[in-house]
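*Asks:* Structure provided below as structure tokens; questions to follow.
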């Protein structure tokens, strides 16, 4: 006798594949959905589809945006000679909040990871190199997490960019080692930007 | 300049409402969805809708099942005179695995919680009382979590059921099998002492 309905088992299985989910949290979420009125579910489905439809990738910086080129890329007041490389789109608003950076951005959409099989081809590295070759970029600031994958990616990019005669810097180690950029406070992040060092 | 697209903000907002989600985990999941191919999203949407459509509530025990009455409720070999009350449907397979219980079940779909505003009307208490009044139930085993809400619910149900001349029991509290006395918390150890058994 199988006490869990098959459709429910399938839903739990699919939820387990989501990042940060284990069997227990997937189960909890599946049961939550079953108890919700159909409108709540359809609302979520609609949000998901709408976001999938409306959100595009900026042709310049590769970040998720509603327009391409995005507002930051189109902004003529920003210094196009300095490029800040981040792992994810959501790193940009965090850096913007510090008001310590007035250049442009480039989103990699991940970091190199031997463990998860993330190679340079899976990141927006080719697009970065293309931008550096055609634009008058003088400095690339690598704003990656100070963890193993972030450091590996920084080393890889530095090696790739330096032959183009572009200065490569990275955020100062004011960030506590092992921390996540997402959780850094603005003051720490601001000093990390101001004290960035050449790789 | 709003750096996050509105459709993405809406999705993050809706995901934040899910149980166990904060703004950070919702953001992470939203970005994950944006990076997935449309098929993965549609698969998940389909699973969700399928589960919502196929999974029903057993008219007897109130658990989520594909048939009503469910396989356990229909099983004539099971002892209908002993009823195990659980908070959630997914507690049933855990108890079934022990092979220590051969009676029937009743699912409350939650526990009383002053903090979250869960009153008896929001649980399947009325349905439990109706079952107890018409069936020849001799014992109700309260298999609720040994936490504040679980204990409150157990006390409430015991008060409700005892006047019906039905024996009310609850799962024993004590040291988990394989545990080390050194690491047991005081409250667990206290109940283990109070509920000590003759060897």
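*Asks:* Copy-to-copy spacing for residue A:37, label 7 Å out on the Cα-to-C-beta vector, in nm, shortest first?
*Replies:* Ordered by increasing distance: 3.8 nm.
*Asks:* From the Cα gyration tensor of the range A:50-122, with a ≥ b ≥ c the square roots of its eigenvalues, which class applies: rounded if a/c is under 1.5, or else prolate if a/b is larger than b/c, or else oblate? Show your work: numbers first, answer last.
*Replies:* Details: a/c = 1.95, a/b = 1.31, b/c = 1.49.
Because a/c hits 1.5 or more and a/b fails to exceed b/c, the range A:50-122 counts as oblate.
*Asks:* How would A:27, A:116 line up from fewest to most surrounding beta-carbon atoms within 10 angstrom?
*Replies:* Details: A:27 21, A:116 10.
Lowest count first: A:116, A:27.
*Asks:* Taking the number of other C-beta atoms within 10 Å as the exposure measure, put A:14, B:96, B:186 in order starting with the fewest.
*Replies:* On the way: A:14 20, B:96 15, B:186 7.
Placing the least packed residue first, the sequence is B:186, B:96, A:14.
*Asks:* Can you list the distances in nanometres, one decimal and ascending, from the residue B:181 label point to the identical position in each other copy, with the point 7 Å along Cα to Cβ?
*Replies:* The answer, with the shortest distance listed first, is 5.3 nm.
*Asks:* Using a Gaussian network model of chain B with C-alpha springs under 10 Å, which one of B:165, B:145, B:17 is most mobile by mean-square fluctuation?
*Replies:* Looking only at B:165, B:145, B:17, the largest GNM fluctuation is found for B:17.
*Asks:* Between residue B:43 and residue A:122, what FRET efficiency comes out of the Förster formula 1/(1 + (r/R0)^6) with R0 = 22 Å and r the beta carbon distance, rounded to 0.05? Write out the running numbers ahead of the final one.
*Replies:* On the way: r = 22 Å, r/R0 = 0.98.
It comes out at approximately 0.50.
*Asks:* Follow-up question, since we're still on this one. Specify the inter-centroid distance of the range B:75-131 and the range B:27-50, based on alpha-carbon positions, in whole Å.
*Replies:* Result: 33 Å between the Cα centres.
*Asks:* Something else: Can you give the Rg and Dmax of the range B:79-199 based on its C-alpha atoms, in angstrom?
*Replies:* Cα radius of gyration and Dmax of the range B:79-199 are 15.3, 48 Å respectively.
*Asks:* Give the residues of the range A:113-136 whose amide nitrogen is closer than 13 Å to a point set 7 Å from the Cα of residue A:164 in the direction of its Cβ.
*Replies:* The answer is A:124-136.
*Asks:* Run through all the Cα pairs of the range B:123-183 and give the fraction in each 5 Å bin from 0, expressed as whole percent.
*Replies:* 4, 15, 24, 21, 14, 8, 6, 5, 3, 0
*Asks:* On the principal axes of its Cα set, how long, how wide and how thick is the range B:152-199? Give whole Å, largest value first.
*Replies:* Computed over the range B:152-199, the largest-to-smallest principal extents equal 42, 26, 16 Å.
*Asks:* Please give the per residue volume of the convex hull enclosing the alpha carbon atoms of the protein assembly as shown, rounded to a whole number of Å³. Intermediate values should be presented prior to the final figure.
*Replies:* Values: hull volume 74.8 nm³, N = 398.
Cα-based convex hull of the protein assembly as shown, divided per residue, equals 188 Å³.
*Asks:* Continuing with this model, one more query. Name the most mobile residue of A:19, A:120, A:93, meaning the one with the largest mean-square fluctuation, in a Gaussian network model of chain A with Cα contacts below 10 Å.
*Replies:* A:19
*Asks:* On to the next question. Starting with the fewest neighbours, write out A:70, A:58 ranked by other beta-carbon atoms found within 10 Å of each beta-carbon.
*Replies:* Working: A:70 26, A:58 22.
Fewest to most other Cβ atoms nearby, the residues stand as A:58, A:70.
*Asks:* While we're here: Between residue B:185 and residue A:59, with labels modelled 7 Å along Cα→Cβ, what's the label distance in nm to one decimal, could you check?
*Replies:* 5.8
*Asks:* Provide the percentage of antiparallel DSSP beta bridges, counting only those with both residues in the protein assembly as shown; round to the nearest 5.
*Replies:* On the way: 8 of 35 bridges.
Antiparallel bridges make up about 25 percent of those DSSP assigns within the protein assembly as shown.
*Asks:* Of B:177, B:85, B:45, which is the most mobile in a GNM of chain B whose springs link Cα atoms less than 10 angstrom apart?
*Replies:* B:177
Any read-out appearing in this document is the output of simple, stated calculations on the displayed coordinates, not a laboratory observation. Since the model is a prediction, treat every value here as computed from it, not as a measurement. Neighbour counts run over all protein chains shown; Cβ positions are idealised from the backbone, glycine included.
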